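**Q** Let me begin by handing over the structure; questions about it come next.
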Amino acid sequence: MSVSENVDPDTGVEWRGYLLVIAAGVLWSTVGLGIRLIEDATVWQILLYRSISLSVFLYFVIQVRSGESPFAQIRRVGWPAMIAGLSLVAAYSGGIYAIQTTSVANAMLLFATSPFFAAVLGAVFLRETVRKATWFSILIAIAGIGIMVADKSGTVSIKGSLAALGSAFGFAVFTVALRWGRTTEMLPSVFLSGLFAVVITGAICLLLELPLRLTAMDAGISMGMGVFQVGAGLILYTLGSRSIPAAELSLLSLAEVLLGPLWVWLFLGETATLNTLLGGLVLLYAIGGNALSGKRRKPPPITVP
């Protein structure tokens, strides 16, 4: 009997899923480093350029992958796709603003509260049952958030923290909209969010008289994030999440939260405050505990910053 005959094919598929989701988390975790390397561009200019490259990239990916236009897929989903797309614009805007105004560690940890917002929104609008363990985890998470935003050191901005929570809420709305539309395919809605963002941020830039032309470095970083950090990360996550149970998927998503502050510390020397570390540990305990206590079912994919 050959060695290959002793290998469980399901196990192999699951391990490939783990590697793909971890790779997605690594790509997503670079968002803080990318924003920190921006020299002059504002949140609206960054989002405009990032959305242009994201939209073009996902259009061709969806076209090749499915053999049909992403607009045809969006039409089938209808209003849920529209709501999902708009909610991502809000999430992206809040995420970039948060990273520009508070520490990357603080922002990334607060981004991770999105599943809790999604649980509450799902219960209210979709009549989904929320487990007792999840409610308990939400209370612990609130305590962790309280510790983080109570920081008076000056390196943690209240506005930045609120923007990060707003970003997490936007991603939660996106997740619930996918469930409402009865679809686990996130790419068409993300493509639509890119188009919405181009129109909205372009109009805001014109209204605020912000230049549409960026420096070569700022434009390159912004467009690179659209293709590699957001677009490629989403594709890897979509492919990998199909073979991983919900509990493991939630735990693997913490790789993004933990690696984000690591990159800015290694390359830029940015450190986290004591309050951020303490509150972050409480928050990670809540997220990890909720994941480990969860049923082994696979929910619609939840996207990231």
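The values are calculated or read from the model by the stated rules, or taken from the named source; none is laboratory data. Remember, it's a predicted structure, so these values are computed and weren't measured experimentally. Cβ: placed from backbone, ideal geometry, glycine included. Neighbour counts: every protein chain shown. Note: accessible area is taken over every heavy atom of the protein model, side chains too, but ligands, DNA and RNA are not part of it. Shrake-Rupley method; radii C 1.70, N 1.55, O 1.52, S 1.80 Å.
**Q** In nanometres, what is the gap between the two model label sites at Arg75 and Trp265, each 7 Å from Cα along Cα-to-Cβ?
**A** The modelled label-to-label distance comes out at 5.1 nm.
**Q** Run the numbers for Arg65 and Glu14: contour at 0.36 nm per residue of separation, minus the present Cα-Cα distance, in nm.
**A** On the way: separation 51, 0.36 × 51 = 18.36 nm, distance 2.14 nm.
Gain in length upon complete extension: 16.2 nm.
**Q** Taking 7 Å along the Cα-to-C-beta vector as the label spot, tell me the Ala143-Val227 distance in nanometres, rounded to one decimal.
**A** The two pseudo-label positions are separated by 4.7 nm.
**Q** Beta carbons within 10 angstrom, averaged per residue: use that to sort the peptides 206-212, 167-173, highest first.
**A** Values: 206-212: 10.4, 167-173: 24.3.
Going from most to least packed, we get 167-173, 206-212.
**Q** Still on this structure: What ranking, highest mean first, results for peptides 104-110, 27-33, 266-272 when packing means the other Cβ atoms within 10 Å averaged over each residue? Walk me through the numbers on the way to the answer.
**A** On the way: 104-110: 29.3, 27-33: 24.6, 266-272: 13.4.
Result, highest mean Cβ count within 10 Å first: 104-110, 27-33, 266-272.
**Q** For the chain, with every protein chain kept in place, what is the accessible area per residue (1.4 Å probe, Å²)? All intermediate terms of the calculation are to be shown ahead of the outcome.
**A** Details: 14200 Å² over 305 residues.
On a per-residue basis, 47 Å².
**Q** Within segment 1-147, what whole-number % of the accessible surface is contributed by carbon and sulfur, with the 1.4 Å probe and all protein chains included in the calculation? The partial results should precede the final answer.
**A** Details: 4840 of 7020 Å².
Reported share for carbon and sulfur atoms: 69 percent.
**Q** Give the shape of segment 183-279 as rounded, prolate or oblate, defined through the alpha-carbon gyration tensor: a ≥ b ≥ c are the square roots of its eigenvalues, a/c under 1.5 means rounded, and otherwise the shape is prolate if a/b is larger than b/c and oblate if not. Walk me through the numbers before you get to the answer.
**A** On the way: a/c = 2.19, a/b = 1.20, b/c = 1.82.
Note, shape of segment 183-279 comes out oblate.
**Q** Counting other C-beta atoms within 10 Å, and keeping those with at most 15, which DSSP coil trypsin sites (Lys or Arg not before Pro) do you find in segment 57-132? Working shown, then result.
**A** Numbers: sites: Arg65, Arg75, Arg76, Arg127, Arg131, Lys132; in loops: Arg127, Arg131.
Here the trypsin sites (Lys or Arg not before Pro) that fit, given the DSSP loop and packing criteria, are Arg127, Arg131.
**Q** Let me ask something additional. In the set [x] 72, 42, 42; [y] 57, 42, 38; [z] 65, 47, 45, which value of Cα extents along the principal axes in Å was calculated from the structure you see?
**A** Only one option fits the structure, namely [z].
**Q** Could you order peptides 56-64, 219-227, 189-197, 174-182 by the average number of other Cβ atoms within 10 Å of their residues, highest first?
**A** Working: 56-64: 16.7, 219-227: 20.0, 189-197: 25.0, 174-182: 21.8.
For the peptides 56-64, 219-227, 189-197, 174-182, the packing ranking is 189-197, 174-182, 219-227, 56-64.
**Q** Using 0.36 nm times the number of residues separating Ala216 and Phe125, minus their current alpha carbon distance, what extension gain do you get? Spell out each step's value before the answer.
**A** Working: separation 91, 0.36 × 91 = 32.76 nm, distance 4.47 nm.
My answer for the length gained is 28.3 nm.
**Q** Still on this structure, please answer the following. Extension gain Leu208-Val56, at 0.36 nm per residue separation less the Cα-Cα distance, in nm? Show your work: numbers first, answer last.
**A** Values: separation 152, 0.36 × 152 = 54.72 nm, distance 2.57 nm.
Stretched out fully, the Leu208 to Val56 stretch lengthens by 52.2 nm.
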